[in-house]
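The values are calculated or read from the model by the stated rules, or taken from the named source; none is laboratory data. Keep in mind the model is a prediction, meaning the values are calculated, not measured. In this analysis, Cβ positions are derived from the backbone assuming ideal geometry, glycine residues included, and neighbour counts consider all displayed protein chains.
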Amino acid sequence: MLKNIAKIFSSHIIVKILGLISIAIVLKFLSIEEFGEYSYYLVLLNLSAITIDPFLSAYLVEFKMKNYTKYNFGIFSFPILLLPLFYLYTLFFIPNIDISIFIFFCITFFLSAGLKSYLNSKERYFDYGLVDILRQFSLFITTLIFFFILKQNDYLGLLKINYLASTISMIALFFLMIKKDEISFDIRFLKLKKIVSESKFLIFYTTIILLITFIDSYFVELFLTKQDLGIYSFSLKIYNISLMLVVPIFTVLNIKQIEIAKEKGYDIFLKKNFKKVLGFSTIIFIIVLIFNLVVTEYFFTEYRASFWTTTILLCGSFITYISLPFSFLIAYRKYKQLFLLGMLAISMNIIINYFFINTYGILIAAFATFLSQLIINLGAVSISYKLLYKK
C-alpha cells in the first residue's frame with residue numbers, strides 16, 4: 001500500500017511544484033482583486049466535477065466489489081447529459097461566462113477524471129500520476145508563454161490558452177493510455193440505472209462535498225469586497241497545498257479499504273495504524289503552518305492579512321488527514337450515513353456564512369469550511385467505529 005501511495009505522491013509533488021510556480025507567476029502579474037476574480041472563475045468551473053465525479057466514485061466501488069475485468073466508459077452517459085444543465089447553472093453566477101473557456105475546461109476535466117478512474121481501477125498508479133503531470137505541465141508552459149512571451153495580463157485570456165493546451169494534451173494521452181481489451185462502452189440504460197440507483201446516496205454525498213468548496217467563495221464574493229475575495233482565494237491556495245497528500249492516500253485507500261472490508265479487518269487496521277496516522281498528521285500540520293508563515297511574511301507580504309484565515313483552514317486539513325484512513329463508510333457501502341453527514345455539514349456551512357460573514361468577514365468563511373470538515377470526517381470515523389469495530 002505504501003509503495004503505491006509513494007508512486008502517486010512522487011508525481012503529485014511534481015504537479016504541486018509546477019502549480020506553485022504557476023500561481024506565483026499569476027500573483028506577480030495580477031492585482032489582489034484580479035486574482036480573486038480569476039480564482040472565483042476557477043472555483044466555479046471546478047464545480048463541473050459535480051457532473052462526473054459522483055458517478056465515477058460510485059462506479060469504481062462497483063467495479064472493485066464485483067471484480068469486473070473491463071472498465072465501462074458508458075458511465076459517461078450521465079455526465080454528458082448533465083453538462084448542459086451545469087452550463088445553465090454557471091450562467092446564474094457568471095452571466096457572461098466565456099463559452100470557449102467552459103468547453104475547454106470541461107473537456108480537460110472529463111478526460112482526465114475518466115482516465116484516472118480507469119487507471120485507478122487497474123491499479124496503474126505510475127500512469128495515473130502522469131495524467132496530472134502532463135495536465136499541469138501544459139498549464140505551466142502556457143502560463144509562461146502568456147505572461148512572458150505574449151506579454152498579456154488578462155486572466156480570461158490566460159484561462160483560455162491554459163485549457164486549450166490542456167484539452168489537446170488530455171486527448172492525446174487518453175488514446176495513448178487506454179488499452180482496448182480492458183474497456184467497454186455499454187450504454188444499456190437499465191444496467192447503468194441500477195448502478196446509479198444503488199449508489200444514489202454516494203452520488204448525492206460526493207455532490208455535497210464539491211459544493212462545500214464553492215459555497216464559501218460564493219458568500220465572500222456576494223457579501224464582501226473584491227480584495228477580500230482575493231485574500232480568501234490566496235488562503236484557499238495554501239489550504240489546497242496542505243491537502244496535497246490526500247489525493248495519493250485516498251486513491252490507494254479507496255481500493256485497499258474495499259479489500260479490508262471484504263476480509264472484515266477494520267479492527268486490526270485501526271489498532272495497527274492509529275498512532276502512525278496521528279503522528280504523520282501532526283508533522284504535516286506543523287510543516288504547513290510554517291510554510292504559511294514564511295510565505296505571507298517574506299514572499300507575498302500583500303497577502304499577510306490571510307494568515308489567520310489560512311490557519312483556520314489548515315486545522316480542517318489536519319482533521320482530514322487524521323480521519324481519512326479510518327473512514328470506511330464507502331468501503332462498506334454505508335452511503336446513506338455519508339449523505340446525512342454531508343447534508344448536516346452543508347446546512348451548517350450555509351447558515352454560518354449567511355448570518356455571520358458580514359460581521360466577521362473571511363474568518364467566518366474559513367471557520368464554516370473547518371466545521372464542515374469536522375462534521376464530515378470525524379462523523380464518518382465515529383460511525384465507522386460504531387458500526388464496524390464493536391461489531
**OP:** Tell me, please, whether a residue that is at pLDDT 95 or above and surrounded by 20 or more Cβ atoms within 10 Å (Cβ to Cβ) can be found in region 144-152.
**Re:** yes
**OP:** Mind listing whichever residues of region 221-242 are under 30 Å from I383 (Cα atoms) and either at pLDDT below 70 or surrounded by fewer than 17 Cβ atoms within 10 Å (Cβ to Cβ) (or both)?
**Re:** N240
**OP:** State whether one or more residues within region 33-49 are without any contact (Cβ under 8 Å) to a residue 40 or more places away in the chain, out of contact with any Asp or Glu (no Cβ under 7 Å at 6 or more places or on another chain) and either hydrophobic (A, V, I, L, M, F, W, C) or in a helix (DSSP H, G or I) (or both).
**Re:** no
**OP:** For S112, indicate whether it is among the hydroxyl-bearing types (S, T, Y), touching a Lys or Arg at 6+ places or on another chain (Cβ under 7 Å) and either touching a residue at least 40 places away in the same chain (Cβ under 8 Å) or not assigned by TED's automatic domain parsing to the domain that holds L164 (or both).
**Re:** yes
**OP:** Please give the number of the condition F299 fails out of (1) at pLDDT below 85; (2) over 18 Å from K64 (Cα atoms); (3) not assigned by TED's automatic domain parsing to the domain that holds G36.
**Re:** (1)
**OP:** Taking the options F78, F29, F92, name whichever one is under 21 Å from the mean Cα position of the chain (by Cα) and either buried (at least 20 other Cβ atoms within 10 Å of the Cβ) or of a type in the set (A, V, I, L, M, F, W, C) (or both).
**Re:** F78
**OP:** Could you check, for region 53-70, whether at least one of its residues is of a type in the set (A, V, I, L, M, F, W, C), modelled with pLDDT of 90 or more, in a helix (DSSP H, G or I) and buried (at least 16 other Cβ atoms within 10 Å of the Cβ)?
**Re:** no
Original post:
Are any of the residues in region 40-63 among the small types (G, A, S) and touching a Phe, Trp or Tyr at 6+ places or on another chain (Cβ under 8 Å)?
Top reply: yes
